[in-house]
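J.: The structure that follows is given in the form of structure tokens.
The values are calculated or read from the model by the stated rules, or taken from the named source; none is laboratory data. Bear in mind the structure is a predicted one, so any value in this text is a computation, not a measurement. Counting neighbours? That spans all protein chains shown, and the Cβs are built from the backbone with ideal geometry, glycine included.
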Amino acid sequence: MIQGAKPLTRLYFSGELQPGRKCLLPRSQARHAVRVLRLKAGEEIILFNGDGTEYRAVIERPTEDGLVVQVRESQAADREAPLPVTLAQGVSSGERMDFTLQKAVELGVAAIQPLVTSRSIVRLDAERAAKRLAHWQGVVIAACEQCGRNRVPRVEPLRAIDEWTRALARAPAAGVRLLLSPRASTGLRNLERPEAGVLLLAGPEGGLAPEEERDALAAGFSAVRLGPRVLRTETAALAALAALQALWGDF
């Protein structure tokens, strides 16, 4: 974080940011900045738009359309993990999914693929899926604001796990594909360091069905377990991410 910036004043801006130019934070973001963060005219904040750079800026004034901010200077700040991990997560219910995404971002995940499985409690039609996807991306952005990341992990469109694994089976593996399973006989520490990234598959409440695990194994996944205890869905993926970071990342 740029020296001199007050903590908890990092805000995401989806548009272009350039030193010496002004930008307008939208009304919803302006309300959050003024009413929740209690920011006032003349205060410094940090803006980022996902390009890997932080921008020091000063709040000028609120308007009917949002909050006018003057961008002053920029500084590259790379806080991405050296091991890129994509988390393929079986959709869990409500706050569990939000918690998983939030903490996965803090643990350095590079991208997230939400999956509908046979044991997923949540069932979404196309309209609700689009709204949930936007919500999840908002959770990811808020986590980036909090933890200092300047690149925003993408939440991929929701997919059915059977269709997703069939597509993977036809595609060459880029990196290692790992399936979290309490029935596996191998742990993460027994694996060799991945040459490229990791695709990590975790089930929802109740885990993956046996046929879904079989499809994943046929698509090139290797089953691994996280000790002798059965973990909740919101624990399993996060424990695996932390272990991967400790073994091969930046912990």
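J.: If GLN75 passes every condition in (1) modelled with pLDDT of 95 or more; (2) among the polar types (S, T, N, Q); (3) surrounded by fewer than 16 Cβ atoms within 10 Å (Cβ to Cβ) but one, which one does it miss?
T.: Failed condition: (1).
J.: Moving to a separate point now. Identify, from the list ALA160, ALA173, the residue that is farther than 21 Å from THR233 by Cα and surrounded by fewer than 18 Cβ atoms within 10 Å (Cβ to Cβ).
T.: None of the other options fit; the residue is ALA173.
J.: Has region 135-147 got at least one residue that is surrounded by 14 or more Cβ atoms within 10 Å (Cβ to Cβ), touching a Phe, Trp or Tyr at 6+ places or on another chain (Cβ under 8 Å), in the same structural domain as PRO194 (by TED's automatic domain parsing) and of a type in the set (S, T, N, Q)?
T.: No, every residue in region 135-147 fails to be surrounded by 14 or more Cβ atoms within 10 Å (Cβ to Cβ), touching a Phe, Trp or Tyr at 6+ places or on another chain (Cβ under 8 Å), in the same structural domain as PRO194 (by TED's automatic domain parsing) and of a type in the set (S, T, N, Q).
J.: Go through VAL152, VAL139, VAL198, VAL122 for me and flag whichever is at pLDDT below 95 and touching a helix residue (DSSP H, G or I) at 6+ places or on another chain (Cβ under 8 Å).
T.: Sole residue among the options that is at pLDDT below 95 and touching a helix residue (DSSP H, G or I) at 6+ places or on another chain (Cβ under 8 Å): VAL122.
J.: Anything in region 157-213 that is over 21 Å from the mean Cα position of the chain (by Cα) and among the basic types (Lys, Arg)? List them, or say none.
T.: Listed by number, the residues that qualify are ARG166, ARG170, ARG183, ARG189, ARG193.
J.: Here's a follow-up. Just for region 78-106: of the residues that are within 17 Å of ARG149 (Cα to Cα) and of a type in the set (Gly, Ala, Ser), which one is surrounded by the most Cβ atoms within 10 Å (Cβ to Cβ)?
T.: Looking at the filtered set, the residue picked out is ALA104.
J.: Say we look at region 107-131 and pick out the residues that are under 21 Å from THR235 (Cα atoms) and of a type outside the set (A, V, I, L, M, F, W, C); which of these is surrounded by the fewest Cβ atoms within 10 Å (Cβ to Cβ)?
T.: Ranking the qualifying residues of region 107-131, first place goes to SER118.
J.: Also, I was wondering about something else. Which residue out of LYS103, LYS40, LYS22 is among the charged types (D, E, K, R) and under 30 Å from LEU180 (Cβ atoms)?
T.: LYS103
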